[in-house]
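Read-outs throughout are calculated quantities, based only on the coordinates presented, and are distinct from any laboratory measurement. This structure is a prediction, so every number in the text was calculated from the model and none was measured. Here Cβ is always computed from backbone atoms with ideal geometry, including for glycine, and neighbour counts include all displayed protein chains.
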């Protein structure tokens with residue numbers, strides 16, 4: 001796959017789905033379909049896909065050739081059938097779980113979350129004397145949840161985890177692990193509102209064209225006394241440091257985020273960002289990680305500290 005940067009060119013597009021700003025500056029142009037598009041029979045001649053920046057928040061939006069985006073929707077719930085056609089999800093799970101912590105993105109992610117959550121629980125008394133309830137939306141291979149449960153046990157936390165995963169192959173694999181509850185769906189609809197201490201969206205939001213409804217729905221599952229939402233997405237800086245054939249720049253991703261963009265989308269969804277930071281991962285990925293609480297929880301906690 002080849003790509004060319006064309007910083008002075010512009011295209012006319014709708015408003016940015018992240019902040020409502022104006023889209024226009026072309027950041028990157030890719031002239032060959034990726035493996036998911038080739039799986040669908042998208043031809044190379046005449047192909048052109050663009051990453052276009054928002055003038056306000058800097059987020060890049062993936063602009064597909066006419067009709068291709070609609071065709072890609074057909075594999076949304078069958079991602080792993082294409083991604084692991086030459087191996088199994090179980091093999092990938094075992095391989096990643098075997099990585100030493102210093103080489104594992106998931107191990108570093110778990111440490112980041114556990115450390116923040118530990119300080120947050122001490123400050124708010126959130127679930128300190130009971131079970132820590134975690135909802136992971138888009139659980140994939142289950143590596144993050146498995147590592148989190150191991151780390152939580154080592155910390156002395158009692159933890160109950162629920163994995164939400166729409167792909168039937170991945171969901172079957174998750175059930176086979178026998179370590180957590182599994183919901184085979186796009187979202188845990190029917191989950192009791194306000195019951196989770198932590199809800200995680202690891203490399204999920206970038207797949208969603210309109211992230212506000214998802215984030216608003218995720219916020220509803222958080223405990224009103226300070227339940228945390230953790231969101232991790234690819235950083236737009238990826239476009240300058242990774243090859244154009246990289247999955248991060250592929251057809252299934254809808255946005256590449258900035259610090260300002262993540263802050264904006266969380267606030268538009270009615271959430272209060274507590275920390276938004278750039279992370280350089282062992283795999284070489286550049287990501288943005290954010291912790292947030294629902295707006296109502298922020299007001300409740302602020303009032304408690306004033307009293």
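Stretching residue 193 away from residue 172 to a fully extended chain increases their span by 5.0 nm, per 0.36 nm per residue minus the current alpha-carbon distance.
Over the chain, Cα pairs under 8 Å with separation of 6+ residues give a relative contact order of 17 percent.
Here the Gaussian network model covers the chain, with springs between Cα atoms less than 10 Å apart; of 137, 288, 75, 75 fluctuates the most. Here the simple spin-label model places points 7 Å from the Cα toward Cβ, and for residue 247 and residue 66 these points are separated by 3.3 nm. The peptide list 92-103, 237-248, 203-214, put in order of mean Cβ contacts within 10 Å with the highest first, becomes 203-214, 237-248, 92-103. By the helix-only formula, in which each DSSP H run with n ≥ 4 contributes -39500 (n - 2.57) and the sum is divided by residues, the chain has a 222 nm mean residue ellipticity of -9500 deg cm²/dmol. Secondary structure note: in the chain, about 60% of the DSSP beta bridges are antiparallel. Shape descriptor for the chain: Rg over Rh equals 0.97 (Cα atoms; Rh from the Kirkwood inverse mean 1/r).
Computed from Cα atoms, the angle from the helix 105-124 axis to the main principal axis of the chain rounds to 40 degrees. The simple spin-label model puts a point 7 Å past each Cα toward its Cβ; for residue 99 and residue 212 those points are separated by 3.5 nm.
Compare 74, 287, 104 in a GNM of the chain, Cα atoms joined below 10 Å, and give the one with the largest fluctuation. Judging by the Gaussian network model, the answer is 74. Of the peptides 262-273, 223-234, the ranking by mean beta-carbon count within 10 Å, highest at the top, reads 223-234, 262-273.
Taking label points 7 Å from Cα along the Cα-to-Cβ direction, residue 111 and residue 31 give a separation of 4.3 nm. By how many degrees, 0 to 90 and rounded to 10, does the Cα axis of helix 211-220 deviate from the longest principal axis of the chain? Taking Cα atoms only, the helix is inclined about 10 degrees. Most tightly packed first, judged by the mean number of other beta-carbon atoms within 10 Å of their residues, the peptides 110-122, 51-63 read 51-63, 110-122. For the pair residue 74 and residue 267, what calculated FRET efficiency results from E = 1/(1 + (r/R0)^6), where r is the Cβ-Cβ distance and R0 = 30 Å, to the nearest 0.05? Plugging the Cβ-Cβ distance into 1/(1 + (r/R0)^6) gives 0.35.
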